[in-house]
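Structure first, commentary second.
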Amino acid sequence: MDRAEDRSEVSVVGRGTRIEGTVVAAGSLRVEGEVKGKITAEGEVSLTPQGRVEANIRATSITLAGQVKGNLTAKGDISLPAESRLDGNIRAHNADVGGVVQGNIVVKGRIHLGPRARVEGDIASETLAIAEGAVFKGRSIMGEEARRVEETTQGEETALPAERITATSVNRPSRSQAGPPPGE
């Protein structure tokens, strides 16, 4: 079997299955059960809402719908839907966060925080988009300084050097709901 065929295969850790140790997948991996240890995949790693992982994950791309304690590293993109929770750091090309992240995020490109996202940690990226309703407590580093952070922290866990900011996006009533501005 050649490498291209290996990457198209999907290994599954099914519901009710618990694995402790190192999991290596030549293709993609879907986790519906529990994994404790380390995960490495040549393809995508996806975690269902029922899945639970205590492991560092390295893959081409990662999609988490469950709960993870550990660091995520992807050559491509990382996606955390609204119901996901990560206690650990993210390193990827791009990231789309809709759930909870407690840890630092370093991406080469764009990070998007969705309306239900809650991030407590520092973010280094080329571009940062925060949707209305998202909560971000940490420091943001962008542009050239973010590229330096990405290069110097490759493979390391680090505190990111920047001013601490807290950003909370809240729903504001529209002008018709709030009444006229003072003085009108």
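Here the condition is being under 15 Å from Gly27 (Cβ atoms) and either among the hydroxyl-bearing types (Ser, Thr, Tyr) or more than 10 Å from the chain's Cα centre (by Cα) (or both); of Ala82, Ala59, Ala55, it holds for Ala59 alone.
Considering only residues in segment 18-62 that are outside any strand (DSSP E or B) and not small (Gly, Ala, Ser), the one that is surrounded by the fewest Cβ atoms within 10 Å (Cβ to Cβ) turns out to be Pro49.
If you go through segment 63-105 and pick out every residue that is part of a strand (DSSP E or B) and modelled with pLDDT under 95, you end up with 2.
Only a single item in (1) in contact with a helix residue (DSSP H, G or I) (Cβ under 9 Å, 6 or more places away or on another chain); (2) farther than 28 Å from Ile39 by Cα; (3) at pLDDT 60 or above is not met by Glu126, and it is number (2).
May I ask you to say which residue of Asn89, Asn94 is of a type outside the set (Gly, Ala, Ser), surrounded by fewer than 23 Cβ atoms within 10 Å (Cβ to Cβ) and under 17 Å from Glu44 (Cβ atoms)? Steps first, please.
Working: Asn89 fails: under 17 Å from Glu44 (Cβ atoms).
Being of a type outside the set (Gly, Ala, Ser), surrounded by fewer than 23 Cβ atoms within 10 Å (Cβ to Cβ) and under 17 Å from Glu44 (Cβ atoms) holds for just one of Asn89, Asn94, which is Asn94.
The values are calculated or read from the model by the stated rules, or taken from the named source; none is laboratory data. Treat the numbers as computed from the prediction; the structure is a model and nothing was measured. No Cβ is skipped: glycine too gets one built from the backbone with ideal geometry, and neighbour counts run over all protein chains shown.
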